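Here the structure comes first, spelled out in structure tokens, and everything after it is commentary.
Every read-out reported here was derived from the displayed coordinates using simple, explicitly stated rules and does not represent laboratory data. Note that the structure is predicted; figures quoted are calculated from it, not measured. Reconstructed Cβ throughout: ideal geometry from the backbone, glycine too, with neighbour counts over all protein chains shown.
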Amino acid sequence: MRVSLVLAFLLALGPLAVGAASAQTQKRTQPPKVPAFSHQVEREKANENLLMVLGGTLGGPWIHMAQDISVAVSDGDNLRILPLAGGGAKSNLRDVLLVRGVDLGITRLDVLNDAKASGEYGPNLDRRVAYVTALAVDMLQVLARPELNALKDLHGKKINVLPKGSVVPILLKALGIEIEEVNLTLPDAIQEMRTGKIYATACVCSVPIPAYAGVGADLGFRLLEVPYTAAIEESFLPASLSSETYPNLIAKGSKVQTIGTNLLLITYNWAPGSERYRKIEKFSNALFSKFDKLRPPPRHPSWRDVNIGANIRGWQRFPAAQKWLDRQAAEAAAKAPPPAVDVTQARTQAAKVAPHDAAEQERLFKEFLEWSRTRPKR
């Protein structure tokens, strides 16, 4: 009888026990509650530390460099760099000055100098635009057919210039060379050179130009030397192309002299304390701190030659970027060992103080050495 009562009691509890267990299982497997999406909050979060950087045409070296910057510097919503295709050096300058949302752009020193001299974007351009850092050196690279041996042989010939509106015809004219200009893509221009329809193609471009590097040695094409003259020294500097860069075009161990101009990463010169200044400051600190990430492959080869501390004559660095460099210089100086004692100079000074007393000279000399050893390290 007692056994029957126990069984009845357990059977009565069964559904309750099963139900409780089922409720606990459901509670454990229920997905966590997703916080409500706020469009305004997320919009502000997505834009707070977003910067847009203008590179160049798709497939070209400048958009490659802008993408490199984005990969090296971006840190989620803490700092996000959005690389954009740009229209070239002059177009990028105009967009940095005028287009909403554009924070930075890649341009060339010769374009900046020409715009400042012409006043086409208003007065005091060198106060309204600042550079964060110098980048690579773009070089004038003139690829010619085999029958052209020197730059003067271009005179009167049909020559491809990239892009349209390039400074190349102006540079050639300054050297007394007039050309018949056409504007083709580099692959199309090289094909036209093969058939003899044009004689050369030229551009002020980053090194190497993939289309040049792919030219076979069997074609006999060559890179022409370009002289450096005082007339262009404000915007250009002497440069050279090596056989390491173009082994199919330059004999091993040889170089071709040419001219180059600095690439610059520029921004509008925002007032300190403004929101746009804060964003460029944050970007500058991150770029310089992580710059070593830009040097190894698969980043663009020109990063390996960049000196972020290089100063550009006639233009100012963005103040926050300059402050970062100044801090690094001060820290390096503080860590540097004190200069070595010039023993010869110390003995000479001791001899001047006590010219007729060798013992006093020795005492002064040793006293100076001890003072040098114990003085505070700065």
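Quick one: which of Lys116/Lys323; Lys290/Lys323; Lys90/Lys282; Lys293/Lys323; Lys116/Lys279 span more than 23 angstrom between C-alpha atoms?
Table pairs above 23 Å Cα-Cα are Lys116/Lys323; Lys90/Lys282; Lys116/Lys279.
Once label points are set 7 Å from the Cα along Cα→Cβ at both Thr344 and Asp75, what is their separation, rounded to one decimal in nm?
5.0
By how many nm would the segment from Thr57 to Asp218 lengthen if fully extended, with 0.36 nm per residue of separation less the alpha-carbon distance?
55.0 nm
Can you give me the distance in nm between label points at Val99 and Val41, each placed 7 Å from the Cα along the Cα-to-Cβ direction?
With each label point 7 Å from Cα toward Cβ, the separation is 3.4 nm.
At R0 = 51 Å, how high is the FRET efficiency between Asp305 and Val353 if r is their beta carbon distance? Nearest 0.05 is fine.
After rounding, the FRET efficiency stands at 0.50.
Setting aside same-chain residues fewer than 8 positions from Lys197, which aspartates and glutamates have a Cα under 18 Å from its Cα?
Within the straight-line limit of under 18 Å, Lys197 reaches these aspartates and glutamates: Glu147, Asp153, Glu178, Glu180, Glu181, Asp188.
Output ³J(HN,Hα) for segment 272-282: one whole-Hz value per residue in order, computed from phi by the Karplus curve 6.51 cos²θ - 1.76 cosθ + 1.60 with θ = phi - 60°, and x for Gly and Pro.
Per residue, the Karplus-derived 3J(HN,Hα) values read x, x, 7, 5, 5, 4, 4, 5, 5, 4, 4 Hz.
Taking the Cα centroid of segment 202-222 and of segment 236-262, what is the distance between the two, rounded to the nearest whole Å?
11
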